[in-house]
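Chemist: Attaching a single structure in C-alpha cells format; questions to follow.
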Amino acid sequence: MNSLTSPITEKPAFDSSVDTNSTWHAQLDLGLVKTDRGTVLRRCSHKGPLYVQKPFYPEGRELAHLYLLHPPGGMVSGDDLRISVTTEENAQALITTPGAGRVYRARPDRRLQKQHIQLNVEANSTLEWLPLENIIFPDASTDLSMDIQLAEGASVIAWEITCFGLPASGEAFDSGEVSQQMQLSREGRIKLRERLNLNPKANSLMANKAGLAGNSVNALMIAGPFFDGAVIDELIDHLREICNESQALAAVSLNDEFLQVRYLGNCSEQARLLFTQCWKHIRPQLIEREGCEPRIWAT
C-alpha cells in the first residue's frame, strides 16, 4: 500500500433501492468478553451469509480462536459485507478464515463490491486478525477497507494479503478498479493510515517501481503497540533476518510504536508463510504467548 494523504470517509448505509436478488448485503457483529470461564463469544449477530463457527480454545480458555465463514466464497457486483469485532476489556481473540476470499469480475453495471471491517480492541484486550489472502479477479470493481480502534493497554496483530489477478491462469490484473484502505487509531489518535488505488487503464501503479513493480501480491502486517526500545530493536533485527532468509522482497519498519512488515511478490503462500514466521516472533513480545497456529491452516 502507499501512504494515504486523503481522509477515509465514513461508509454509507446499505442502499435499499438496490436489487438484492442477485447480491448479498451481509453483516456480522461479534463481541468477545472476558468472564470467569475465560474469553467467551457473548454477542454474535449476523445478516446474510456471514457466520463464525463456535470458538475453539487450543491455547486454553483465556484466548478464543474464531473461523469466519462466508459461504458464497466471494463477492459479486453489488455485494456489501460489513464485519464488526469487539474484544471487551481483558478479552483475547484470534480470528482467521478457512480459505481465501475472492472478488469476482464485475458485472456490466460496475456496481462496487464492498467489504468494510471494523475492529474495536478495548482496554487491555488483544485481537489477532489473520485471514487468508484476498484474490482480486481481473476486471473487479471493489472497495475494501479496515478500521482498527485500540483503547488504552490494547494490542493488535493484523495482516492483509492481496492477490491481483490470476497469474497461475495467465490472467493479469490489467483492467478493473480497486480501492483498498486501512486505518489504525490508538486512544482516539490516528497512528497509521494507508490507501492503495489501482486502475490499470487509468494509472501505472501495477507496473511502476513506485507501485507494485509488476508484482501480483501485495501484503502488509502490523503489530503493536511496543514501548520498550531495547525489545523492539532486537525484534526488528530478528524480523529482518527472517525477511532476508525468505529471499522475498520484504521489509520491516517501525511507525511510532507499531511494527510494519511488508511483502511484494508473486506468491500468496510465500507471503503467508513469511508473515506466520514473523507473527511467531512478535507474539511472545506483544501478548506473551508462543505461536499457536489455528488448526484450520493445516487442513
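Chemist: For Lys54, go through the lysines and keep the ones whose alpha-carbon is under 24 Å away, minus same-chain ones fewer than eight residues off.
Modeler: Lys54 reaches Lys34.
Chemist: Before anything else, pin down the relative contact order of the chain: Cα pairs under 8 Å, at least 6 apart, normalised by residue count, whole percent. All intermediate terms of the calculation are to be shown ahead of the outcome.
Modeler: Details: 726 pairs, mean separation 39.0, N = 299.
Value for the chain: 13 percent.
Chemist: Taking N as the number of residues in region 122-216, what is its Cα Rg relative to 2.2 N^0.38 Å?
Modeler: Details: Rg = 15.9 Å, N = 95, 2.2 N^0.38 = 12.4 Å.
Here the Cα radius of gyration is 1.28 times the empirical estimate.
Chemist: Most mobile of Asn124, Asn244, Asn197 per a Gaussian network model of the chain (Cα springs, under 10 Å)?
Modeler: Asn244
Chemist: I've got another one for you. Name the most mobile residue of Val85, Val76, Val231, meaning the one with the largest mean-square fluctuation, in a Gaussian network model of the chain with Cα contacts below 10 Å.
Modeler: Greatest mean-square fluctuation among the candidates belongs to Val231.
Chemist: Further question on the same structure: Find which of Gln183, Ser246, Pro225 sits farthest along the positive direction of the dipole of region 30-298, computed with +1 on the beta-carbon of Lys and Arg, -1 on that of Asp and Glu, about the Cα centre.
Modeler: The Cα lying farthest towards the positive end belongs to Gln183.
Chemist: Test of the criteria: in region 198-298, which trypsin sites (Lys or Arg not before Pro) are in a DSSP loop and have at most 14 other Cβ atoms within 10 angstrom of their Cβ? Walk me through the numbers on the way to the answer.
Modeler: Numbers: sites: Lys201, Lys209, Arg240, Arg262, Arg272, Lys280, Arg289, Arg295; in loops: Lys201, Lys209, Arg289.
Answer by residue number: Lys201, Lys209.
Chemist: So what's the back-of-envelope 222 nm ellipticity for the chain, counting only DSSP H runs of four-plus at -39500 (n - 2.57) apiece and dividing by all residues, rounded to 500?
Modeler: The helix contribution divided over the chain gives -4500 deg cm²/dmol.
Chemist: Here's a follow-up. With N residues in the chain, what two-decimal value do you get for its Cα radius of gyration over 2.2 N^0.38 Å? Working shown, then result.
Modeler: Numbers: Rg = 18.6 Å, N = 299, 2.2 N^0.38 = 19.2 Å.
Here the answer is 0.97, to two decimals.
Chemist: Are there any GluC sites (Glu not before Pro) in region 169-245 that are in a DSSP loop and have at most 15 other Cβ atoms within 10 Å? List them by number. Write down the numbers at each step before the final one.
Modeler: Details: sites: Glu171, Glu177, Glu187, Glu194, Glu234, Glu241, Glu245; in loops: Glu187.
Those satisfying the criteria are Glu187.
Chemist: Among DSSP beta bridges lying fully in the chain, give the percent that are antiparallel, nearest 5.
Modeler: Expressed as a percentage, antiparallel bridges in the chain total about 45.
Chemist: How high is the relative contact order of region 84-169, in percent, counting Cα pairs under 8 Å that sit 6 or more residues apart? Walk me through the intermediate numbers first.
Modeler: Working: 195 pairs, mean separation 30.6, N = 86.
Over region 84-169, the number comes to 36 percent.
Chemist: Cut-off under 24 Å on the C-alpha distance; same-chain residues fewer than 8 positions from Lys201 excluded. Which lysines are left, in chain and number order?
Modeler: The reachable lysines, counting only those whose Cα sits under 24 Å from Lys201, are Lys114, Lys209.
Chemist: Using alpha carbons only, what's the Rg to Rh ratio of region 62-104 with Rh from Kirkwood? Don't skip to the answer; put the middle values down first.
Modeler: Working: Rg = 13.3 Å, Rh = 12.4 Å.
That ratio equals 1.07.
Chemist: Hey, another quick one. Which net charge results for the neighbourhood of Glu152, defined as the other residues with beta-carbon distances under 15 angstrom from its beta-carbon, given Lys and Arg at +1 and Asp and Glu at -1? If you can, show how the numbers build up before the last one.
Modeler: Working: positive: Arg186, Arg189, Lys191; negative: Glu88, Glu89, Glu122, Glu187, Glu257.
Local net charge: -2.
Chemist: For region 30-298, with only Lys/Arg (+1) and Asp/Glu (-1) charged at the beta-carbon, what is the dipole magnitude about the Cα centre, in debye rounded to 20?
Modeler: Numbers: 28 positive and 33 negative charges, 193 e Å.
In debye, rounded to 20, region 30-298 gives about 920.
Chemist: For the chain, modelled as a GNM with alpha-carbon contacts under 10 angstrom, which of Thr87, Thr276, Thr126 fluctuates the most?
Modeler: Result for the chain, Cα springs under 10 Å: Thr276 fluctuates most.
Chemist: Tell me the Kirkwood radius of region 187-299: reciprocal of the mean inverse pair distance over distinct alpha-carbon atoms, in Å. Spell out each step's value before the answer.
Modeler: Values: mean 1/r = 0.0641 Å⁻¹.
Taking the inverse mean of 1/r over all distinct Cα pairs, region 187-299 comes out at 15.6 Å.
No value in this document is a laboratory result; all are computed from the given coordinates. No experiment lies behind these values; they were computed from the predicted model shown. Note: ideal-geometry Cβ built from the backbone for every residue, glycine included; neighbour counts use all protein chains shown.
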